Amino acid sequence: MLYLLVSIPFIGALLVYPATERLRLPPSLVAGLMALSALVLLLFIGFPVYSGAVLLSRAEWIPQIGLSFSFRLDGLGLLFAELILGIGVLVVLYARYYLTELEAGPRFYAFLLLFMGAMLGLVLSENLLLMMVFWELTSLASFLLIGFRRHTSEARQGARLALFVTGGGGFALLAAVLIMGQIVGSYELSDVLASGRLVADHHLYPLVLVLFLIGVGTKSAQFPFHFWLPHAMAAPTPVSAYLHSATMVKAGIFLLGRFFPVLAGSELWFYMVSGMGLSTLLLGAYLALFQHDLKGLLAYSTISHLGLITLLFGLGTPLGEIAAIFHVINHAVFKASLFMAAGIIDHESGTRDMRKLNGLFKYMPHTAALAMVAAAAMAGVPLLNGFLSKEMFFGETLVLKWLVEAQWHWLFPMAATVAGIFAVAYSLRFIHDVFFNGEPVNLPKTPHEPPRWMKVPVEVLVVLCIGVGVFPNFTVRPLLESAAAAVLQQPLPEFSLSIWHGFNTPLVMSLVAMGGGAILYSGRKWLFRAHDRIPFQISGKQWAESLVESIFQLGEMVDRLLDSRSLRRYSFFLLAIVVAAGAVSLWGESFPAAKALTPVTIPVVIGGLLLGAGSIATAVWHGKRLLAVIMLSIVGLMTALLFAYFSAPDLAMTQLLVEIASVILVLLAMYFLPQLTPPESSRIRLARDITLGVIAGIGVAILSYSMLVQPLDSISSYYLSQSKPGGGGTNVVNVILVDFRGFDTLGEVTVLGIAAVGIVAMIGGLKIWGPEKDWLGRSWAGDRHPVLLTTVSKLILPFALIVSAYLFLRGHNYPGGGFIAGLVTGVALTLQYIASGSDRARQRLPWDNLKLVGAGILIATGTGLGSWVFGFPFLTTTFAYVTLPIVGKFEIASAMLFDLGVYLAVVGTVLLILAGMGGLHQREENV
Amino acid sequence: MELILALLIGITTASAVFLLLRGHTFPIVLGLWLLGYAVNIFLFVSGGLTEGSAPLVEQGLEILPDPLPQALVLTAIVIGFGMSAFLIVLALRALGDLGDDGVDGGEK
C-alpha cells in the first residue's frame, strides 16, 4: 500500500500530459484527483498509526550498498504526508484559478506532482539512501517549479540559487547519512533509531552533526543559508504557498525530527541547533518588517518561523519537541493561507508592493477578513492556532535544563519576546498596510473579489486555524501525539493544549509581544528610515553568485594549465605516461623461462622478417602515402599468415577480408587526402618521438616475451569440453562468439553499427573535392568503369554469395560464421559499387544499408530476448540437427539466428562505410 | 620462436607509436592501424603457440589451441576495421571543413 501511495503522484505526473492532450481533460483536474486519491488512501491506511503502529514495506534495490526500496509510515511521516497531500490538494485547486490554463498547462501540474511525490517519498522513506534520492529529487523539482516562469531572469536566477544552496546542502547531508550508516552498520531507519546513543558517542559525531545541520539548514533556510528563500519568491504564488509553507522548507525540519533520537541530547546539539534557530528567528523577524513586497514579508517571516521550530528542536526537552511539531502544523496552515491571500491580492490588483497597496478592505472585504485571521494566527493572537504553539514556545524558553546555572539564561526568553514583538509588528503591517491605511496608489488594476472557488482553499485553511485554536484537543491532539511519539521514541510527558493556562510568565511574554509589536509598528516610518541608513547590506545572493563565478574561473584556470590545444603534445604525454608506468612496474623484475621454448621454424622466420620490415617501412615512408599503405598491407598479410600458421583459421580469414576492405577504404579516401605528407617535424622532435617509440617497443617486447615463457594456465578447457554438448558446434571459436560470450558479441556488433552510423553522418554534408592530377602530375585514367572489371564483377557476385552462404552455414562446426560470411558478402557487393558506380549499384541493390544494420542488431537482440519467453536467461541457446545435401549434417541452433543478425549487421556496416565513401566519388563524377 | 614473436610485437609497437606522434591525420591513422596489429598479435599469442592445428573439437586433432583469445581477437579485428574507417572519414571531414589535414590547427 505504501508503494501505491508514493507512486500515485509520480503516476499522476506522467498522466497529466496524455490526459490533457488525448482526453482533453484540464490538467488541474487530473492533478487534483491524483492528489485527492493519494490523500484518501493515506487517511485510510494511516488509521492504525494513531494508536502507535508503524507500517513498513520493504523490497531490495541494490542490497550490495545497502540501498533498498523500503518505506515506513509512522506518526511523524503521517503528519508530514497529510500536510503534503492536504495542502497539495488545496494548492492545485487554487492554482486552477490563479494561473490561466494557458500559462499553467500540463507542465506546471506535472512538476507539482513530481514535487509532491518526491516530498512524500522523503517523509515515508525507511531506507536512508532512498531518502537521499528523494531529497535530491525535491531539490530538482523545486528548481523546476521556482524557475517555472522561465522567461523572466528573476525566476531563472532564483531557481539557480535555490538549487545551488539546497543541492550543496544535499552533498553535506549525504556525507552525514553515509557516516551514520557506517557507524550503525545499516541504512534502515528502524536500525538507526534502535541504535540508541551509538552515533552520539562515536568520535565522528561532531562531523556527522555539522554535515547534517548544513543539509538541514540549507533546505530549511536557516541562517546563514537563508538567503535563497526570498529569491525563490519569483515562483508563481501557488508554488510559494506549497513549497515555502508546508513542504520544501519543512524537509529540513522533518529531518531534525527524524534523527532527533539519534543525534540530539548532547551539548553540541544544543548549542549548534538552538544557536542556528535563534539567530534565524531574530534575523528573519527583523528583516520581515522591512520588506515592501508582500511575498518578501511572508518569505522572511517563514525564515523566522523555521528558526523558531529549529530552536525548539535544539532545546532538546520533550515538551519542546511537542511544541516544535505543533508549530510545524500551525505554520503550514496559516502560512499557506497567507501566501494564497497574497496571491489573490497580487492577482486582483496587479501589484505586491505594500507602498501602493492600501485600503483594500472595501474592495475585497471577504478576502481581507480571511487574510486578517491568518495574519493574526501568525502574530499569535489568542483563539488561533499560532497562539497555542507560541505560548508553548515561550514556556519552553523559560525551563532550560542546560543553562540553569549560566548567568545568561535570560537570553532565550528575552530573544523569544523580541522575535514575538517583531512578528506582531510585521503581521500588523500585513493587515494594516494592505487593507486599511488610506487609499491605493496607482494600482495597475481596480481590485475586486476573486472568483468564488479561488477563496475556498484559503477558507479551509483559515477554518483550520480557528478550529485548532479553539478546540485543540479535538482537532489536532491525536496527530500531534503520534508524531511526537515517533520523534521522541519514548513515552510522551503530560502536556495540555488549552487556551487558558492561568496568568503565568508565557502569557506575560505574549502580552508584551503584542503591546511591543503595536508600538513598533506605529513607529514604523522612523524605523524604515533608520533601516535604509544601515550602510552595508550583506547579500547572500551576491556572495553565492560570486562563489559560483570563482568556481568557474578556477575551472578555466585549471583548464588553461592542462590544455595546450595540441593533440601531438597530448599524445606524447599520454604515451609517455603509459610507458613510464609500464617501466616502473617492470623495473628490476626478472622473467626466467619457465617452460621449454618452441623451436624456430623457417616459415616463421621469413614471415617475421617481412612483418617487421613492413612495420618499419610504414613508419619510415609515411610521407609517401601510397607506399606506406602498401607496406602496411604487407604487415596485414603477414599477420593473417601468422594466424593461419598458429592454428587460427577463423582469424586468418577475418584478417584477410578486413585487409581487403581496409585497402579499398584507404584508397577511396586517399584520392581526397593530400598524397604526400610534408616534412613537418624538427630534428629534435623526430629524435624525441623515435626514442619514445623505441622505448615503448622494447617495453612491449619484454612484456610479450615474459608472458610467452610463462606456463599457460587457461580457462579454455571449459569451452573446449562444453562446446559440443553445450553449444552444439565443433568450431569452438564460433561457439564462443555466438553462444558462450554472445552478449559480448552483441555489444561488439552494436559498436560496429554505431561506427557506421557515425560515418554516414560525417559523410553527409561533407564538401571535399579531389585533386585534378596525381602527385607526379599525371592525369587520372579516363575510364572510370572498365568493361573488364564490370563484367568480371557480375560473374563473381553469385559465386561470392554462395561461398559466403557456405561459410555461414558451416560456421558452427568449421571455420566460418557470421562475421566472416558478412565480410565476404560485403566485399563482394562493394566490388559491384566500384565496378558500376554507386548510382547503378544502388538501383540493383535497392535496400537501405542503415536498416540492414538495424535489422541485424534487432535479430541478434531478439534471439537473446527469445530465450526469456521460454524462461531461460538472456541469450540462452538451443539446437537440433538437420542434414542437407552438399553441406552435410549441420545443426539448426537458435545461435544460428543470432549469427544471422551478426552477418546482416556486418554486411550493412561494410556497405555503409565503403559505399558511403564511394558515393563521394560518384558525387564528384556527377557534377 | 617466442623471442621472434616478442620482437615482432615490439617492432610493430615502436613504429606505431612513432606514427601516432606525427602532425597530420593520415600517419596517425596508419599508426593506430599498426598498433591494432600489434595488440591483436599480442592477445592472440597469449593463448600459447600451437602449430598446425585448429580450435575444432571432435575432428581427430590431438593438440587444440586456446580458442578464447581467438574469439576475442576475431571481434577485435572487425571492430578495428570499424574504428579505422571512422577515423579515416573523420580525417576527410576535418580536411573538408578546415581545409587542412594537420592535427594541431596549422601549428608546427
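The values are calculated or read from the model by the stated rules, or taken from the named source; none is laboratory data. Here the structure is a predicted model, which means the values were calculated and not measured. All Cβ positions, even for glycine, are placed from backbone atoms using ideal geometry, and neighbour counts span all protein chains on display.
Computed quantities for the displayed model
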{"quantity": "Any hit, segment A:752-774, residues being modelled with pLDDT of 85 or more, more than 10 Å from chain B (Cβ to nearest Cβ), surrounded by 15 or more Cβ atoms within 10 Å (Cβ to Cβ) and closer than 29 Å to A:Tyr814 by Cα", "calculated": "no"}
{"quantity": "Residue list for segment A:706-730, filter: assigned to a helix (DSSP H, G or I), buried (at least 20 other Cβ atoms within 10 Å of the Cβ) and touching a residue at least 24 places away in the same chain (Cβ under 8 Å)", "calculated": "A:Gly727"}
{"quantity": "Only one of A:Val404, A:Val418, A:Val434 that is within 27 Å of A:Gly320 (Cα to Cα) and either modelled with pLDDT of 80 or more or within 45 Å of the chain's Cα centre (by Cα) (or both)", "calculated": "A:Val418"}
{"quantity": "Boolean, B:Leu72 is facing chain A (nearest Cβ under 7 Å), outside any loop (DSSP other than H, G, I, E, B) and either more than 17 Å from A:Ala640 (Cβ to Cβ) or in contact (Cβ under 8 Å) with a residue 24 or more places away in the chain (or both)", "calculated": "no"}
{"quantity": "Conditions (1) at pLDDT 90 or above; (2) more than 7 Å from chain A (Cβ to nearest Cβ): number failed by B:Thr25", "calculated": "(1)"}
{"quantity": "Single residue of A:Gln222, A:Gln182 found to be touching a Ser or Thr at 6+ places or on another chain (Cβ under 8 Å) and more than 18 Å from A:Ala141 (Cβ to Cβ)", "calculated": "A:Gln222"}
{"quantity": "Yes/no for A:Ile702 being assigned by TED's automatic domain parsing to the domain that holds A:Trp587, touching a Phe, Trp or Tyr at 6+ places or on another chain (Cβ under 8 Å) and in contact (Cβ under 8 Å) with a residue 12 or more places away in the chain", "calculated": "yes"}
{"quantity": "Residue that is surrounded by 23 or more Cβ atoms within 10 Å (Cβ to Cβ), within 7 Å of another protein chain (Cβ to nearest Cβ) and either modelled with pLDDT under 90 or in contact with an Asp or Glu (Cβ under 7 Å, 6 or more places away or on another chain) (or both), where the choices are B:Leu56, B:Leu90", "calculated": "B:Leu56"}
{"quantity": "Hits in segment A:121-164 - residues which are outside any helix (DSSP H, G or I) and surrounded by fewer than 21 Cβ atoms within 10 Å (Cβ to Cβ)", "calculated": "A:Arg149, A:Arg150, A:His151, A:Thr152"}
{"quantity": "Selection within segment B:28-47 - surrounded by fewer than 21 Cβ atoms within 10 Å (Cβ to Cβ) and either in a loop (DSSP other than H, G, I, E, B) or within 7 Å of chain A (Cβ to nearest Cβ) (or both)", "calculated": "B:Ser46"}
{"quantity": "Matching residues in segment A:731-744 - criterion: being hydrophobic (A, V, I, L, M, F, W, C) and either surrounded by fewer than 23 Cβ atoms within 10 Å (Cβ to Cβ) or without any contact (Cβ under 8 Å) to a residue 40 or more places away in the chain (or both)", "calculated": "A:Val732, A:Ile736, A:Phe740, A:Phe743"}
{"quantity": "Subset of segment A:1-36 [farther than 22 Å from A:Gly105 by Cβ and modelled with pLDDT of 85 or more]", "calculated": "A:Tyr3, A:Leu4, A:Leu5, A:Val6, A:Ser7"}
{"quantity": "Selected residue (only one of A:Ile534, A:Ile519 is out of contact with any helix residue (DSSP H, G or I) (no Cβ under 7 Å at 6 or more places or on another chain), closer than 30 Å to A:Asn437 by Cα and part of a loop (DSSP other than H, G, I, E, B))", "calculated": "A:Ile534"}
{"quantity": "Search result, residues across segment A:1-31 that are assigned to a helix (DSSP H, G or I), over 21 Å from the mean Cα position of the chain (by Cα) and surrounded by fewer than 18 Cβ atoms within 10 Å (Cβ to Cβ)", "calculated": "A:Tyr3, A:Leu4, A:Tyr17, A:Pro18, A:Glu21, A:Arg22, A:Leu29"}
{"quantity": "B:Ile63 being closer than 19 Å to A:Val709 by Cα, more than 7 Å from every other protein chain (Cβ to nearest Cβ) and out of contact with any Lys or Arg (no Cβ under 8 Å at 6 or more places or on another chain)", "calculated": "yes"}
{"quantity": "Elements of type helices (runs of 4 or more DSSP H) in segment A:165-245, at least 2 residues being under 30 Å from A:Leu93 (Cβ atoms)", "calculated": "A:228-231, A:237-241"}
{"quantity": "Matching entry among B:Glu2, B:Glu51 (being within 7 Å of chain A (Cβ to nearest Cβ), farther than 23 Å from A:Gly816 by Cα, surrounded by fewer than 23 Cβ atoms within 10 Å (Cβ to Cβ) and not aromatic (Phe, Trp, Tyr))", "calculated": "B:Glu2"}
{"quantity": "Residue ranges of helices (runs of 4 or more DSSP H) in segment A:250-361 with at least 2 members among the small types (Gly, Ala, Ser)", "calculated": "A:275-289, A:294-315, A:318-349"}
{"quantity": "Residue within segment A:891-906 that is at pLDDT below 70 and within 14 Å of chain B (Cβ to nearest Cβ) present", "calculated": "yes"}
{"quantity": "Per-region count, segment A:544-584, residues within 21 Å of B:Leu20 (Cα to Cα) and part of a helix (DSSP H, G or I)", "calculated": "18"}
{"quantity": "Residue identified as touching a Leu at 6+ places or on another chain (Cβ under 8 Å) and on the phi > 0 side of the Ramachandran plot among A:Gly380, A:Gly350", "calculated": "A:Gly350"}
